[in-house]
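Colleague: Take this structure, written in structure tokens, and hold onto it; I'll ask about it next.
The values are calculated or read from the model by the stated rules, or taken from the named source; none is laboratory data. All of these numbers come straight from a predicted model, not from anything done at the bench. Here the Cβ is made from the backbone with ideal geometry for all residues, glycine too, and neighbour counts use every protein chain on show. Ligands, DNA and RNA are stripped out before the accessible areas are found, and what is left, the full protein with its side chains, is counted by its heavy atoms. Shrake-Rupley method; radii C 1.70, N 1.55, O 1.52, S 1.80 Å.
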Amino acid sequence: MASFQANLLNQKIYAPYKIAALLETAAEQGISADQVLRGLNLSQAALADPATLVSIKQYVDACTNVIDAGANLSTPFETANRLHLTAYGMYGYALLTSPTMRDYFSFGVKYHPLATPTLYMTWRETDASAVFEFKETYSYITSIKTRNFLIQQQMAQNITHIRDAAGPRLFPIKALLSYSGKDVEQVHEKYLLCDCYFNQEVNEIHYPKSILDQSPILGNQLSIKLLQETCNQLLGRTKMSSGITGEVYQILLMSPNSFPTMEAVANLLCITTRTLRRKLDAELTSYRAILDDARCTLATEYLLVTKMSTEDIAARLGFSDSANFRRAFRRWTGKTPHQVREESQS
């Protein structure tokens with residue numbers, strides 16, 4: 001379990017926009033770039049390089065550095081306010097062009113793994129509300145201050161992003177927080193724009209249900225289809241995007257070099273292996289089927305956007321040799337890796 005989480009956290013596959021926003025917020029408080037980037041093996045100049053990729057752990061450690069440097073209570077919220085949807089590339093533009101806010105909610109959850117996720121995000125519809133819930137993911141984060149910082153930033157980002165899409169007149173109904181509100185209630189209500197309730201069992205933001213059928217300001221049916229195709233190259237087929245199947249799929253996609261066992265995935269989801277198997281059976285799939293789909297998605301992505309050899313791709317996906325990988329790939333797609341690469345270049 002520990003090795004799986006370490007691998008997941010250390011994958012350098014994300015653009016550094018969150019670290020850059022944190023740096024800007026900290027600078028306004030007199031906290032230097034050196035303090036923020038301490039121990040990250042990352043320079044300030046590298047943040048301006050479009051080729052730079054960072055890991056979730058680097059961002060989490062930067063947040064811890066900022067807290068240790070004496071950052072204001074408003075820091076996670078002000079950082080979130082800098083992170084508009086336009087900072088998130090295809091994922092952000094796809095959200096902006098969703099045909100309805102219901103589509104926005106579903107799309108946001110489905111493709112959240114593209115956005116340097118520090119929490120698991122889900123949404124549900126009740127009789128009166130549309131609710132986003134945020135669950136902590138990484139047990140290695142032992143600092144309560146860092147964990148709360150990440151929750152605060154994620155919730156504030158959620159509000160910023162939804163207002164980017166639906167307009168500044170939209171306000172959430174309420175926010176539920178799993179920690180104490182002592183000394184922080186005022187700053188929460190200022191930035192989350194609603195009544196906040198602390199010492200709850202969950203971390204949630206509730207929106208008026210009526211927004212779900214509204215169209216985002218830039219909603220565009222054609223654009224969302226084109227952008228969704230791009231995102232699907234990273235996250236795979238739509239059938240793998242919802243329910244417990246989607247959660248397992250997302251975990252596997254974020255750990256391409258060392259896929260976790262079914263037992264490790266169950267532990268991460270805080271359920272037993274037996275319960276995970278039963279839930280997957282109910283969704284007419286299995287851990288093996290999801291693993292095959294994740295491997296197929298990643299293999300196709302490597303073939304289309306990198307110059308990696310078949311041998312390197314096979315090794316990265318956990319195959320004992322390239323022959324086994326080629327057989328599996330033909331079974332998944334009906335084509336050889338060579339054919340897929342050739343077709344993309346024709």
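Colleague: If ligands, DNA and RNA are left out, what is the accessible area of Phe171 with a 1.4 Å probe, given in Å² to the nearest 10?
Modeller: 100 Å²
Colleague: Using Cα springs under 10 Å in a Gaussian network model of the chain, which residue among Ser143, Ser286, Ser258 shows the largest mean-square fluctuation?
Modeller: Of Ser143, Ser286, Ser258, the Gaussian network model singles out Ser143 as fluctuating most.
Colleague: Based on the mean of other beta carbon atoms within 10 Å per residue, what is the order of 289-302, 200-213, most packed first?
Modeller: Ranking the peptides 289-302, 200-213 by packing returns 289-302, 200-213.
Colleague: Dipole size in debye (nearest 20) for segment 103-225 around its Cα centre, Lys and Arg Cβ +1, Asp and Glu Cβ -1? Spell out each step's value before the answer.
Modeller: Numbers: 12 positive and 13 negative charges, 58 e Å.
Here the size comes out at about 280 debye.
Colleague: Pairs of alpha-carbon atoms within less than 8 angstrom and 6+ residues apart define the contacts here; what relative contact order does segment 266-346 have, in percent?
Modeller: Value for segment 266-346: 21 percent.
Colleague: So what are the ³J(HN,Hα) numbers for segment 71-76, from phi and the Karplus equation (6.51, -1.76, 1.60; θ = phi - 60°), rounded to whole Hz, Gly and Pro as x?
Modeller: 4, 5, 5, 7, 4, x
Colleague: Applying a 10 Å radius around every beta-carbon, put 157-169, 87-99, 38-50, 179-191 in order of their mean neighbour count, most first.
Modeller: 87-99, 157-169, 179-191, 38-50
Colleague: Rounded, prolate or oblate: which fits the chain, taking a ≥ b ≥ c as square roots of the Cα gyration tensor eigenvalues, rounded meaning a/c under 1.5, else prolate when a/b beats b/c?
Modeller: It is prolate, given that a/c is not under 1.5 and a/b is the larger ratio.
Colleague: Can you list residues from other chains, or at least 5 along the same chain, whose modelled amide H is less than 5 Å from the amide H of Ser129?
Modeller: For Ser129, whose amide H was placed from the backbone, the distant partners under 5 Å are Lys209.
Colleague: Taking the Cα centre of the chain as origin, sum charge times position over the Cβ atoms of Lys and Arg (+1) and Asp and Glu (-1), and report the length of that vector in debye to the nearest 20. Don't skip to the end; give the middle numbers.
Modeller: On the way: 34 positive and 33 negative charges, 192 e Å.
For the chain, the charge dipole is close to 920 debye.
Colleague: Give me a comma-separated list of calculated 3J(HN,Hα) values for segment 61-68, in order, Karplus coefficients 6.51, -1.76, 1.60 applied at θ = phi - 60°, integers in Hz, x for any Gly or Pro.
Modeller: Result, ordered by residue: 5, 5, 4, 4, 4, 5, 4, 5 Hz.
Colleague: With all pairs of different alpha carbon atoms counted, what Kirkwood hydrodynamic radius in Å does segment 1-126 show?
Modeller: Numbers: mean 1/r = 0.0636 Å⁻¹.
Evaluated over segment 1-126, this radius sits at 15.7 Å.
Colleague: Report, by chain and number, residues whose modeled amide H sits under 5 Å from the one on Tyr179, excluding near sequence neighbours (fewer than 5 apart, same chain).
Modeller: Amide H to amide H, under 5 Å and 5 or more residues apart or across chains, Tyr179 pairs with Asn199, Gln200.
Colleague: List, in the order given, every pair from Lys145/Lys279; Lys57/Lys145; Lys57/Lys190 whose Cα-Cα distance in the structure shown is over 25 Å.
Modeller: Working: Lys145/Lys279 34 Å; Lys57/Lys145 16 Å; Lys57/Lys190 29 Å.
Beyond 25 Å: Lys145/Lys279; Lys57/Lys190.
Colleague: ³J(HN,Hα) across segment 213-221 via Karplus (A = 6.51, B = -1.76, C = 1.60, θ = phi - 60°), whole Hz, x for Gly/Pro?
Modeller: Each residue's phi maps through the Karplus curve to give 8, 6, 9, x, 4, 9, x, 8, 4 Hz.
Colleague: Something else about it: Measure nothing but the geometry: give the 0 to 90° angle between the long axis through the Cα atoms of 273-282 and the longest principal axis through the Cα atoms of the chain, rounded to 10°.
Modeller: Relative to the chain, helix 273-282 is tipped by roughly 80 degrees.
Colleague: If you roll a 1.4 Å probe over the chain with all protein chains in place, what percent of the accessible area is carbon or sulfur?
Modeller: Carbon with sulfur: 50 percent of the solvent-accessible area.
Colleague: Moving on. If you place +1 on the Cβ of every Lys and Arg and -1 on the Cβ of every Asp and Glu, how big does the dipole about the Cα centre of segment 8-73 come out, in debye to the nearest 20?
Modeller: 240 debye
Colleague: Taking Cα atoms, how many degrees apart are the long axis of helix 144-166 and the longest axis of the chain, rounded to 10 and kept between 0 and 90?
Modeller: 90 degrees
Colleague: Compare the Cα positions of Ala51, Pro337, Ala80 along the charge dipole of the chain (+1 at Cβ of Lys, Arg; -1 at Cβ of Asp, Glu; about the Cα centre) and return the one farthest towards the positive end.
Modeller: Of the options given, the answer is Pro337.
Colleague: Using the Cα centre of the chain as origin and beta-carbon charges of +1 (Lys, Arg) and -1 (Asp, Glu), tell me which of Ala289, Ala328, Ala94 is placed farthest towards the positive end of the dipole.
Modeller: Ala328
Colleague: For the chain, take the longest principal axis of its alpha carbons; what is the angle in degrees between that and the long axis of helix 322-333, to the nearest 10 within 0 to 90?
Modeller: Tilt of helix 322-333: around 70 degrees.
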